Structures are given as C-alpha cells and as structure tokens.
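Note sheet for the following structure.
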Amino acid sequence: MAADAAEAVEVRGALVRLRRATGLPVAFGGLVESGRPQIRISELSGNTTTALSSLAVVSGNGLGGKVAALARPCAVTDYSASRRISHEYDAAVATEGLKSVLAVPVVVRRRVRGVLYGALRSAQPLGDRALSAAVDAARDVEQALVARDEARALLTAVREPAGPSDAAWEQVREAHGTLRALAQRIEDPAVRAEVLEVCGRLAGAVSPESSAASVGISPREVDVLSCVAVGSTNAVAAERLGLRPETVKGYLRSAMRKLGAHTRWEAVVAARRAGILP
C-alpha cells in the first residue's frame, strides 16, 4: 500500500523545505510500499516532466535503491555516467534533465521507510550544505512517522474490548505527553493538527463527553499538564515544550485555578476526570 495522505503531505513539505534551504531546483521522494522492497516516488517539487512520478525504486537499484539498502546518504555528480550506482532509472532521470543527484534515507527504528532526493540539472558537486539540509529534511519526516506510528498503536490499545491494563495506560499517558510536545515542533500545520487530534482522541478514551474546551483549558495548559502527569518538573516540562520554566509555572497555575485544584497532582486527576488527559 502506498503512503497515506498525511504521510504524503509530510514528504511534500520536507521537499519544499529542502529546496528552500539549498536552492536546488528539483527535489523528490517517497516512502516504502507496505510489504514490498521498493520505494514509490510519490512527491515531486520543481520538476518539469512526469518522468519520475510514481517510479518504483527497488532496494539496491539506482541511487535511491543504494541508499535504501545501505541506510546512509549518497550523492553522484553525473548520474548517467556514475560507476557507483546501477542504471535502471537512467531514462527517467535523463528525461527530467537531472545530472547531480543526492539521496538520503528516512529511517525509523532502524528500518528505512523512504528516500528523499535533491538534484541539479548540471554536473557539479553537491556540497556538505546541501547534504546536511537533505538529512534535516529526512529527520523531519522521520519525526512525523514516529509520532503517527505511536498514535496508531496507542489508539489500537485503548480500543481493545477488554480495555488496556494499568501498565498500558501508563504507556498511553507517557506517549500522550510526548506527542503533545512533539506536535509543537512539527512545521506542517496539517500534520501538527492531525497529531493533536489523535492526542484528543486518546484523552477522550477516558471521558468522551468532556473536553479541554468545556473546562476552558488552553492548548498550552494541556501541554504542561501532560508533562506534569508523567512526573516532569517545571524545568523538564520547559525543556520538552521549548518554554521557560517561569512560563510553565504560569500555565500550570492557570490550569489549576480553572480545574479547582490546589496541587499539581490534584490538577492532573481533575484533568483526567474531565477527559483532558488520558
């Protein structure tokens, strides 16, 4: 099965950021197809033809296949003449007019999940700056995939007929806090909204009739409560959320007032009862 719509959006956004950071005229990429040893090129940015669209890159073949097999970045200065790669895809690359090409893997839990490419239409070396920007773009995609994988696993756990065990609930709560913090670092607004929506569904598994909005708790206050719920100090919560400790203290104080709580733990318990936290 090909990448779902949200994953495609994340890959597309990473390619746009890659071109913006490097000035490369063309970027493209895709994710591994489920159950098959190949990557489907699903997203393109700056292309002038459709030659690369939907191309299936088999592991080990061409530049991208080599990257997928080795799980490390590679680059060639003149694609069609390079002796470092095989040449199954020369026709598509030539039709698009590409010469210098770099490729970086998207790796999640030691497994290659996709490949991102950047390319020039002239045969000149691609420097460390371009490679570093491509690696950063791949890390963005990896982060989004990790968040989505965790969210899917947790939603499966809370939907089990017998309900999750106490240990499973602790995992749900820990991951809920991690996902809330992670969402703030996801640049793509659609993907960020999806992660936050999943967080809301996890919290709603406890008390589906309630919500943060009904209590008047702000999104940042929920973020802080999520960290407090798993034992984080104000300093640790601040580091996870990219805030100052004094700001975290202010959000926590405001949330406690709205929830009618006098201590941090009372606030967490009240938030769980209200369906704000899982």
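Miscellaneous remarks
- Within region 45-79, being assigned to a helix (DSSP H, G or I) and surrounded by 15 or more Cβ atoms within 10 Å (Cβ to Cβ) holds for Gly62, Leu63, Gly64, Gly65, Lys66, Val67, Ala68, Ala69, Tyr79.
- Leu102 touching a helix residue (DSSP H, G or I) at 6+ places or on another chain (Cβ under 7 Å) and assigned by TED's automatic domain parsing to the domain that holds Ala21: yes
- Members of region 238-263 that are surrounded by fewer than 15 Cβ atoms within 10 Å (Cβ to Cβ), modelled with pLDDT of 85 or more and not in a helix (DSSP H, G or I): Arg244, Gly260, His262, Thr263
- The set of residues in region 106-126 being basic (Lys, Arg) and modelled with pLDDT of 95 or more consists of Arg121 alone.
- Any chance Arg20 is free of Cβ contacts under 8 Å to residues at least 60 places away in the same chain, in the same structural domain as Val101 (by TED's automatic domain parsing) and over 20 Å from Asp136 (Cα atoms): no
The rows are residues; the columns are (1) of a type outside the set (S, T, N, Q); (2) farther than 19 Å from Ala134 by Cβ; (3) in contact with a Phe, Trp or Tyr (Cβ under 8 Å, 6 or more places away or on another chain).
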site: Val16; (1), (2), (3): yes, no, no
site: Pro25; (1), (2), (3): yes, no, no
site: Glu33; (1), (2), (3): yes, yes, no
site: Ser54; (1), (2), (3): no, yes, no
site: Asn61; (1), (2), (3): no, yes, yes
site: Gly65; (1), (2), (3): yes, no, no
site: Ala69; (1), (2), (3): yes, no, no
site: Ala75; (1), (2), (3): yes, no, no
site: Gly97; (1), (2), (3): yes, yes, no
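- When Leu52, Leu63, Leu131, Leu70 are screened for being at negative phi and without any contact (Cβ under 8 Å) to a residue 40 or more places away in the chain, only Leu70 passes.
- Residues in region 201-237 that are in a helix (DSSP H, G or I) and at pLDDT below 75: Arg201, Leu202, Ala203, Gly204, Ala212, Ala213, Ser214, Val215.
- Taken together, the residues in region 104-152 that are farther than 25 Å from Tyr79 by Cβ and part of a strand (DSSP E or B) amount to 2.
- Any hit, region 162-178, residues being assigned to a loop (DSSP other than H, G, I, E, B) and either in contact with a strand residue (DSSP E or B) (Cβ under 7 Å, 6 or more places away or on another chain) or at pLDDT 75 or above (or both): no
The values are calculated or read from the model by the stated rules, or taken from the named source; none is laboratory data. Remember, predicted model here, so these are calculated numbers, not experimental data. Neighbour counts are summed over all protein chains in view; Cβ atoms, including those assigned to glycine, are modelled from backbone coordinates with ideal geometry.
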